[in-house]
1. Just to check your reading of the model, which residue among Ala19, Ala63 is at pLDDT below 85, at negative phi and part of a helix (DSSP H, G or I)?
2. Out of contact with any Gly (no Cβ under 7 Å at 6 or more places or on another chain), under 20 Å from Pro38 (Cβ atoms) and among the β-branched types (Val, Ile, Thr) - does that describe any residue in region 97-119?
3. Determine which single condition Pro32 fails, assuming it passes every other condition in (1) assigned to a helix (DSSP H, G or I); (2) under 14 Å from the mean Cα position of the chain (by Cα); (3) under 19 Å from Val79 (Cβ atoms).
4. Going through region 60-80 one residue at a time, which ones are without any contact (Cβ under 8 Å) to a residue 12 or more places away in the chain and not aliphatic (A, V, I, L, M)?
5. Select from region 79-104 the residues that are in a helix (DSSP H, G or I), surrounded by 12 or more Cβ atoms within 10 Å (Cβ to Cβ) and within 19 Å of the chain's Cα centre (by Cα) and list them in ascending order.
6. Only one of these conditions is not met by Ile54: (1) open to solvent by 80 Å² or more (accessible area, probe 1.4 Å); (2) over 21 Å from Pro112 (Cα atoms); (3) part of a helix (DSSP H, G or I). Which number is it?
7. Test each condition in (1) at pLDDT 80 or above; (2) on the phi > 0 side of the Ramachandran plot for Gly168 and report the one that comes out false.
Amino acid sequence: MPEQEAAVVDKAYLGKVSAARYEAQTFMSRHPEFFSTPQNGKIMTDYMAEKNLILTAENFEQAFEKLKAQGKILPAREVLATMSAEQIRKLSETHGTPVYDGHGRIAGYDLPDAYNEPHPDFNRPRQGTRYTQDRLPAHPEDAQRNPSRREYAMWDSDRQKAWLVGRGYWGRDLPDFLK
């Protein structure tokens, strides 16, 4: 009989965990400016546990706004790109690691390690690859059009690769109109 009670408790616990995960995903879909890192997640859940808040999307939003105003949450990379130099300096002093000169004095601060991770956001699915401002194609006229088979065959390999990467076909089969 005790085994059955443990199974019921485990199912109830799993139900709460899955509900909390759903609420967190709802919050993240509403707030793309939230940088989903383990550090930010821990700060948010610790705050909510301290305030005895139920894990709902609205409470995640409330906690996010409070913690963002206090400067405890790391901003997303897109937000970081729009910040002024002074704001970035304050962020790196608050969350970063100090860099020392040869005499042991602090020469500045590095940004937190979360910004050095290869994946732009830990828990969000990757967006399809598209041309962005920092990765413009060598041939901008190729960005929004589909070449004919003959035209594609006449391109050099670098241009073919750039087009395939930009359109999201790199590492997959060629699209039907090029076969």
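The values are calculated or read from the model by the stated rules, or taken from the named source; none is laboratory data. Quick caveat: nothing in here was measured; it's all calculated off a predicted structure. Neighbour counts are summed over all protein chains in view; Cβ atoms, including those assigned to glycine, are modelled from backbone coordinates with ideal geometry. What goes into the accessible areas is simple: the full protein's heavy atoms, side chains included, and nothing from ligands, DNA or RNA. Shrake-Rupley method; radii C 1.70, N 1.55, O 1.52, S 1.80 Å.
1. None of the other options fit; the residue is Ala19.
2. Yes, region 97-119 contains at least one residue that is out of contact with any Gly (no Cβ under 7 Å at 6 or more places or on another chain), under 20 Å from Pro38 (Cβ atoms) and among the β-branched types (Val, Ile, Thr).
3. (1)
4. Restricting attention to region 60-80, the residues satisfying the condition of being without any contact (Cβ under 8 Å) to a residue 12 or more places away in the chain are 62, 65, 68-70.
Passing the criteria: Gln62, Glu65, Lys68, Gln70.
5. Val79, Leu80, Ile88, Leu91, Ser92, His95
6. Ile54 satisfies all of (1) open to solvent by 80 Å² or more (accessible area, probe 1.4 Å); (2) over 21 Å from Pro112 (Cα atoms); (3) part of a helix (DSSP H, G or I) except (3).
7. (1)
Residues are listed down the side, and each one gets a yes or a no for (1) modelled with pLDDT of 70 or more; (2) under 15 Å from Asn40 (Cα atoms); (3) of a type in the set (Gly, Ala, Ser):
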position: Gly96; (1), (2), (3): yes, yes, yes
position: Asp101; (1), (2), (3): yes, no, no
position: Arg105; (1), (2), (3): yes, no, no
position: Gly108; (1), (2), (3): yes, no, yes
position: Tyr115; (1), (2), (3): yes, yes, no
position: Asp121; (1), (2), (3): no, yes, no
position: Thr132; (1), (2), (3): no, no, no
position: Arg135; (1), (2), (3): no, no, no
